[in-house]
Amino acid sequence: MTCLSRCPGAALWITTVLTVGCGTIHPEVTSLGEISSGTVAVVGRIELIPPLQSGEQVLKMGTFDPLDTAGKLRDRAVLHLANEAKPMEETWEVINPRLDQTFFFRIPRQKRFVVFGTITTSYEARVASRRHVNVDRTDILLPRMVFDIAPSDKAIYIGTIRLHRDEFNSITKVDILDHYPAASAEFKKRFGGGAELRKSITKPRRAVLPHPREEILFSLRFNFPRGDRPGRGGGLPRPVRVRAGAGPRR
């Protein structure tokens, strides 16, 4: 687990993970011995169509980024986990899978709901004073989903989540593809022939009502919040202005 704390005067938190103080980025699994009775390995893949182009992500974390926050966002999605189907909101616990690569994340067994997800296309932090950082951020908003985890599971395969976007960076279509044979072969190569990976294809969920200050954008199959999301207390520097899903691709 990685814990990122905000230092005064610098934007050191991973954008959509740590809106307050300190949160958890769950790690990828290197050995099945890391899976305890309270955790499970989630295996899958996220693809963005069309993919991010070179230079499309603009990540300016300020003059001080010792924890490589930009590296935790570059070419990655950020998925916020919860133990219930909450309204779309950022949580304290996330995984950040690299796009177009099979991932193997260890998560708490009860954190099976993805209640909020983003791919950050721009992030610019400007220090206004010793206690204030202005943040301008643009995200592609992803659909919610839920992982079907059985009591006996040590590892599940959730499928390839293929996200189609338009010129305004709104997700217009989501395809869930079953590439289990290839994923299972990669899983056994990494963890050994005796390792068992159960197929448990996820399904995107329609969003419940988001924060009441957010505007709803309907794009074919899903409702997504769009507009400004003011920072919510708990140690987040103010003033903070956030733009989500705004503006065409560069």
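Some notes on this structure:
- Residues in the range 135-171 that are assigned to a loop (DSSP other than H, G, I, E, B), of a type in the set (A, V, I, L, M) and under 12 Å from PRO204 (Cα atoms): LEU142 only.
- Taking the criterion of being at pLDDT below 90 and surrounded by fewer than 18 Cβ atoms within 10 Å (Cβ to Cβ), the residues of the range 85-117 that qualify are ALA85, LYS86, PRO87, GLU89, TRP92.
- Only one of GLY194, GLY117 that is small (Gly, Ala, Ser) and in a strand (DSSP E or B): GLY117
- Residue in the range 36-68 that is surrounded by the fewest Cβ atoms within 10 Å (Cβ to Cβ), counting only those that are aliphatic (A, V, I, L, M) and farther than 30 Å from SER184 by Cβ: VAL58
- One residue from SER129, SER152, SER122 being surrounded by 15 or more Cβ atoms within 10 Å (Cβ to Cβ) and small (Gly, Ala, Ser): SER122
The values are calculated or read from the model by the stated rules, or taken from the named source; none is laboratory data. Treat the numbers as computed from the prediction; the structure is a model and nothing was measured. Don't worry about glycine lacking a Cβ; one is built from the backbone with ideal geometry, like all the others, and counts go over all protein chains shown.
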